[in-house]
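Single-structure report; data block below.
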Amino acid sequence: MKLTRVTFTGIDFCTDLQRLSSISQRYPYVEFGILVSKDWKENGPRFPNPDIVWKLANVWSKHPFHLSLHLCGELAVFAAKGDFSRLEKMIAPHLLSIFERVQLNLDSKPLFNVLHHVSMPGKEVIVQMRSAGLCRQFLKGGQPEGMSFLLDSSGGRGIDTPVEIVDVPGVHVGYAGGIGPDNVGQKLGRLLSYPSDVEFWIDMETRVRTDEKFDLDKVEEVLSICESLK
């Protein structure tokens, strides 16, 4: 299989955004994600004040790099139904242009019918799936244009879960679930050795944090391992 991105989710207000930009220039395939929820004040440090996007956009404008927006809770549910008005009240539409991909973190099964029609012009829409079986079930209804899938039974909790490969031509799939510096070599090695031409990415969140802060030292450690395997 072919690796397209290595995604690190959880930019927060402690993150050195200039260093983020520097890392991106050294590793062009890296992507950084930011979690967004209307309840960000109650959800802890992984959910920064959405005003951080202004600062992020300023750094990005000097040296553009890959960014993804991860919608949680009510924002994800309404986005799945094609309603982005709540998101645009939190983040100005012109700032949304810095994000290439938008991920919907939700219980996708109850929304299968509407998800087949969701789109966001100019962006890849990622739907979080809790299992490979659920992803295959969804794909029986067809492959929506511009949609990808993140397999994550851990749900951002850092639980090390087995890699279940979805090999469907033309379908871009990401793999998450307790990936970090200690096991990325083993997990990525298995994916890269799988005999297929399909493209994939890996995503990690909890295991690249230290004391609940996004840890760029761990990010660089992971990228060094990935670079040795590519």
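The values are calculated or read from the model by the stated rules, or taken from the named source; none is laboratory data. Everything numeric in this text was worked out from a predicted model, so none of it was measured. Virtual Cβ from ideal backbone geometry, glycine too; neighbours counted across all protein chains shown. SASA here: full protein model, heavy atoms, side chains in, ligands and nucleic acids out. Shrake-Rupley method; radii C 1.70, N 1.55, O 1.52, S 1.80 Å.
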Members of segment 164-181 that are closer than 18 Å to T9 by Cβ and not hydroxyl-bearing (S, T, Y): H172, V173, G174, A176, G177, G178, I179, G180, P181
Criterion violated by I126 - all others in (1) outside any loop (DSSP other than H, G, I, E, B); (2) over 30 Å from P28 (Cβ atoms) satisfied: (2)
Lone qualifier among F78, F32 - being among the aromatic types (F, W, Y) and more than 18 Å from the chain's Cα centre (by Cα): F78
Tally of residues being in a loop (DSSP other than H, G, I, E, B), at pLDDT 90 or above and loosely packed, with under 13 Cβ neighbours inside 10 Å across segment 84-121: 2
Whichever residue in segment 40-71 is at pLDDT 95 or above and part of a loop (DSSP other than H, G, I, E, B) and, among such residues, is farthest from I91 (Cα to Cα): H63
Candidates T9, T4 - the one that is under 18 Å from the mean Cα position of the chain (by Cα) and open to solvent by less than 20 Å² (accessible area, probe 1.4 Å): T9
Failed criterion for M129 (all others in (1) buried (at least 18 other Cβ atoms within 10 Å of the Cβ); (2) touching a residue at least 24 places away in the same chain (Cβ under 8 Å) hold): (2)
Flag for I11 being touching a Leu at 6+ places or on another chain (Cβ under 8 Å), of a type outside the set (S, T, Y), assigned to a strand (DSSP E or B) and at pLDDT 90 or above: no
Only one of D211, D152 that is under 20 Å from G10 (Cα atoms), free of Cβ contacts under 8 Å to residues at least 12 places away in the same chain and not hydrophobic (A, V, I, L, M, F, W, C): D211
Subset of segment 68-82 [farther than 18 Å from V53 by Cβ and touching a residue at least 12 places away in the same chain (Cβ under 8 Å)]: E74, V77, A80, K81, G82
Candidate set from segment 151-165 (those that are surrounded by fewer than 14 Cβ atoms within 10 Å (Cβ to Cβ) and closer than 24 Å to P45 by Cα); member that is modelled with the highest pLDDT: D160
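Conditions (1) under 17 Å from the mean Cα position of the chain (by Cα); (2) closer than 22 Å to S108 by Cβ; (3) crowded, with 16+ Cβ neighbours inside 10 Å; (4) among the aliphatic types (A, V, I, L, M), marked per residue:
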{"site": "G141", "(1), (2), (3), (4)": "no, yes, no, no"}
{"site": "F149", "(1), (2), (3), (4)": "yes, yes, yes, no"}
{"site": "P181", "(1), (2), (3), (4)": "no, no, yes, no"}
{"site": "G185", "(1), (2), (3), (4)": "no, no, no, no"}
